[in-house]
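Enquirer: Take this structure first; my questions come after.
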Amino acid sequence: MILNKTKSSIQEPRITLVGAGPGDPDLISLKGVKALNTADVVLYDALVNGALLNHAPEHAIKIFVGRSDDESFSQDAVNKLMIDYALNYGHVVRLKSGDPFVFARGFEEVDFAESYSIQTEIIPGISSATGVPGLHKIPMIYGDLSESFWVLSGTNSKGELSADLRGAAKSDATVVVLMGIERIKEIAAIFKQEGKDRLPVAVIENGSSKNENIIVGVVDTIAELIEDHQISSPALLVFGNVVSLHPAFSRIRDFYAILNEE
């Protein structure tokens with residue numbers, strides 16, 4: 001139950017969606033920090049670095065809403081919490097990992113808040129889809145290696161493999177797959193069907209955090225590498241020739257060069 005403040009102490013209700021970035025707390029924007037500085041309530045997700053909560057005032061209420069497998073943290077429940085806290089306390093900062101509008105359901109939250117005529121603001125964050133590969137010097141676009149990139153979820157809202165994967169696999173673009181590591185064998189099979197067995201792949205676990213881990217391989221054997229190195233979620237997959245620019249890929253390139261000579 002949320003207790004009401006006295007009417008004289010309640011600020012005008014407003015909700016700010018802030019992108020926290022991929023994990024490293026230093027990757028949040030200055031504008032995001034300023035929003036946290038003025039928060040009365042912070043609702044934060046599981047992948048948000050806890051150090052960011054230190055930017056909120058001491059009196060601010062901090063609420064963890066990150067367990068998607070718990071009904072009490074469903075999207076509907078989070079939406080209602082935002083409204084309740086905004087009406088009773090004033091400024092609610094909805095702190096979301098990555099960018100609020102990249103597979104983070106940010107629009108749903110804004111739309112719900114505005115249906116109550118509550119003022120909203122969006123502060124973008126660095127998406128793990130582009131920021132994390134960039135930290136490892138893997139560009140999305142580079143010369144003749146790639147002229148565009150795709151960012152997609154491994155599965156759709158029904159838990160089925162994304163139909164867009166087939167279109168992405170047919171292209172020469174860099175393909176970043178979020179939330180797909182559990183289906184890596186099926187995803188790799190789609191690329192193999194397009195004759196891309198030797199397409200470079202990077203797998204980055206816990207991107208930009210202290211326990212980050214990266215492996216680099218090719219489509220044909222990436223599932224085995226993930227299993228051998230015990231890589232698990234949260235992790236993203238990067239398919240594309242730009243991955244060959246990563247220093248670790250030189251050993252794989254040399255290996256296939258020797259095979260071709262034989």
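The values are calculated or read from the model by the stated rules, or taken from the named source; none is laboratory data. Since this is a predicted model, take the numbers as computed values, not measurements. Backbone-built Cβ (ideal geometry, glycine too); neighbour counts: all protein chains shown. To get the accessible areas, we keep the full protein, side chains included, count just its heavy atoms, and leave off ligands, DNA and RNA. Shrake-Rupley method; radii C 1.70, N 1.55, O 1.52, S 1.80 Å.
Enquirer: Being more than 19 Å from the chain's Cα centre (by Cα) and in a loop (DSSP other than H, G, I, E, B) is the filter here, so list the residues in the stretch 12-58 that pass it.
Expert: Those that are more than 19 Å from the chain's Cα centre (by Cα) and in a loop (DSSP other than H, G, I, E, B): Glu12, Pro13, Thr38, Ala39, Asp40, Ala56, Pro57, Glu58.
Enquirer: Of the numbered conditions (1) closer than 14 Å to Pro13 by Cα; (2) touching a Leu at 6+ places or on another chain (Cβ under 7 Å); (3) open to solvent by 70 Å² or more (accessible area, probe 1.4 Å), Tyr116 fails exactly one; give the number of that condition.
Expert: Evaluating Tyr116 over (1) closer than 14 Å to Pro13 by Cα; (2) touching a Leu at 6+ places or on another chain (Cβ under 7 Å); (3) open to solvent by 70 Å² or more (accessible area, probe 1.4 Å) leaves (2) as the failure.
Enquirer: If a residue has to be over 21 Å from Asp26 (Cα atoms), among the small types (Gly, Ala, Ser) and not in a helix (DSSP H, G or I) to count, how many in the stretch 112-152 make the cut?
Expert: 5
Enquirer: Of all residues in the stretch 16-28, count the ones that are within 7 Å of Gly125 (Cα to Cα) and open to solvent by 10 Å² or more (accessible area, probe 1.4 Å).
Expert: So the answer is 1.
Enquirer: What about Tyr89, is it outside the structural domain of Asp26 (by the TED database) and modelled with pLDDT of 95 or more?
Expert: No, not satisfied.
Enquirer: Select from the stretch 102-124 the residues that are more than 10 Å from the chain's Cα centre (by Cα), among the aromatic types (Phe, Trp, Tyr) and either outside the structural domain of Lys31 (by the TED database) or closer than 26 Å to Asn156 by Cβ (or both) and list them in ascending order.
Expert: Phe107, Phe112
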